[in-house]
Amino acid sequence: MDVGGFTVTHPFARVYHIRDVLGVYMTLLVGMERALLFDTGYGLFDVQSQMRAITPLPLTVVCSHHHHDHLLGARWFSEVFLPEGEIAGADRYVGGYQRQSVLTRAREGGIRLTPQERESYLAFPMPPLKPLGAQVFELGGLRVRVWPMPGHTRDSVGLWVEEERLLLTGDNFNPVVWLFLEDSATVEEYVSTMQNALYLPFAHVLCPHAGQPVKRRAVEDYTDGLRPEVFREAQPVDIPPYSRVATRACSPAEGYTFVFDNARADSGIRTQG
Ligand SMILES: [Zn+2]
């Protein structure tokens, strides 16, 4: 079932969590009538063929936010939904600079691409990006609700997969969460986003930078750790290529790292000087 560098896992009956060749995950939801793909990876290899190897059902493609490791794989589809507020800024993340850096990473990782594959990666036009609102996708016995999650980016969304009691978080919940990019929300907004997510009766979450489902309890512990006293303990950390940003890291729960900067922090947790 694995085609073109993808690794497919099947954690729940109607859910596939798929790692692309550079290590980011996308999630495929398969109902009785339709399927939905959440995020598309870096797009070095044919994402659509990989999905077709799993299901022949009509497929809707939705991206959680506009960063290149989620959106460049859109090249393999004729149209992709992106949160409405993320569309204007998307060009910055899918241009020549990002594509070239993905190819460099691929070469350094020993991933073989033909000259034609490299050329077409640099040249492809993005498909139309359709504005995504707070909508519901009915997949046939599987209802998927768009769940706004301002944080990692201001207009990021998650998906609430009701019948599976599963929340897909996008980059708002990962082993390492970044909240220091130009398009990130404030720490305060992010904390609200995570607290609001707990109103959903999810049993598990799946995230784009980890392969295994995470149990609700771990998300509760992490969210509980998002407090001023934990933020004030944060230590400077260098995150290349973002070394010019004064990033600080703390650990809201064991095994989780939260990275933010002063521009995202209110005065109670900002570093002085
Ligand atoms: Zn991101």
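In the condition set (1) in contact with an Asp or Glu (Cβ under 9 Å, 6 or more places away or on another chain); (2) outside any helix (DSSP H, G or I), Arg112 is compliant with all but (1). No other residue among Gly23, Gly85, Gly41 is modelled with pLDDT of 95 or more, surrounded by fewer than 24 Cβ atoms within 10 Å (Cβ to Cβ) and at positive phi apart from Gly23.
The residue list Glu79, Glu84, Glu119 contains one member that is touching a Lys or Arg at 6+ places or on another chain (Cβ under 7 Å) and of a type in the set (Asp, Glu), which is Glu79. If only residues of the range 232-250 that are in contact (Cβ under 8 Å) with a residue 40 or more places away in the chain and touching a strand residue (DSSP E or B) at 6+ places or on another chain (Cβ under 6 Å) are counted, the one that is farthest from Glu182 (Cα to Cα) is Ile239.
Residue-wise test of (1) of a type outside the set (D, E, K, R); (2) more than 16 Å from the ligand (Cβ to nearest atom); (3) in contact with a strand residue (DSSP E or B) (Cβ under 7 Å, 6 or more places away or on another chain); (4) in a loop (DSSP other than H, G, I, E, B).
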site: Gln48; (1), (2), (3), (4): yes, yes, no, no
site: Met51; (1), (2), (3), (4): yes, yes, yes, no
site: Pro56; (1), (2), (3), (4): yes, yes, no, yes
site: Thr60; (1), (2), (3), (4): yes, yes, yes, no
site: Ser64; (1), (2), (3), (4): yes, no, yes, yes
site: Ala74; (1), (2), (3), (4): yes, no, yes, no
site: Phe81; (1), (2), (3), (4): yes, yes, yes, no
site: Glu86; (1), (2), (3), (4): no, no, no, no
site: Asp91; (1), (2), (3), (4): no, no, no, no
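Figure legend. Inter-residue proximity from the range 180-206: first residues more than 30 Å from His10 (Cβ to Cβ), second residues within 16 Å of the ligand (Cβ to nearest atom) and in a helix (DSSP H, G or I), beta-carbon distance below 6 Å, spacing 6+ or different chains. Indicated pairs: Ser184/Arg264; Thr186/Arg264; Val187/Arg264.
Among the residues of the range 235-255, those identified as surrounded by 10 or more Cβ atoms within 10 Å (Cβ to Cβ), small (Gly, Ala, Ser) and either in contact with a helix residue (DSSP H, G or I) (Cβ under 6 Å, 6 or more places away or on another chain) or farther than 29 Å from Lys215 by Cβ (or both) are Ala246, Ala253.
Pairs meeting the criteria (first residue in the range 43-64 and within 14 Å of Tyr25 (Cα to Cα), second residue aromatic (Phe, Trp, Tyr) and within 16 Å of the ligand (Cβ to nearest atom), beta carbons under 8 Å, at least 6 apart or on different chains) are Val62/Phe38; Cys63/Phe38; Ser64/Phe38.
In contact with an Asp or Glu (Cβ under 9 Å, 6 or more places away or on another chain) and either at pLDDT 95 or above or not polar (S, T, N, Q) (or both) - does that describe any residue in the range 187-194? Yes.
Taking the range 45-79 as the range and being within 24 Å of Ser120 (Cβ to Cβ), crowded, with 24+ Cβ neighbours inside 10 Å and touching a helix residue (DSSP H, G or I) at 6+ places or on another chain (Cβ under 6 Å) as the test, the residues that pass are Val47, Cys63, His66, His67, Gly73. Here Val245 fits the description: touching an Asp or Glu at 6+ places or on another chain (Cβ under 6 Å) and either within 16 Å of the ligand (Cβ to nearest atom) or at pLDDT below 95 (or both).
Of the candidates Val205, Val177, the single residue that is touching a His at 6+ places or on another chain (Cβ under 8 Å) and not in a helix (DSSP H, G or I) is Val177. All conditions in (1) within 11 Å of the ligand (Cβ to nearest atom); (2) on the phi < 0 side of the Ramachandran plot hold for Gly170, with the sole exception of (2).
Between Val177, Val144, the distinction of being in contact with a Leu (Cβ under 8 Å, 6 or more places away or on another chain), of a type outside the set (Asp, Glu), under 18 Å from His204 (Cβ atoms) and crowded, with 19+ Cβ neighbours inside 10 Å belongs to Val144 only. Tyr199 meets the conditions (1) among the aromatic types (Phe, Trp, Tyr); (2) surrounded by 13 or more Cβ atoms within 10 Å (Cβ to Cβ); (3) outside any helix (DSSP H, G or I) in every case but one. The failed one is (2).
The values are calculated or read from the model by the stated rules, or taken from the named source; none is laboratory data. Keep in mind that what you see is a predicted model, and the values were worked out from it rather than measured. When we count neighbours, we look across all protein chains shown, and the Cβ atoms used for this are built from the backbone with ideal geometry, even at glycine.
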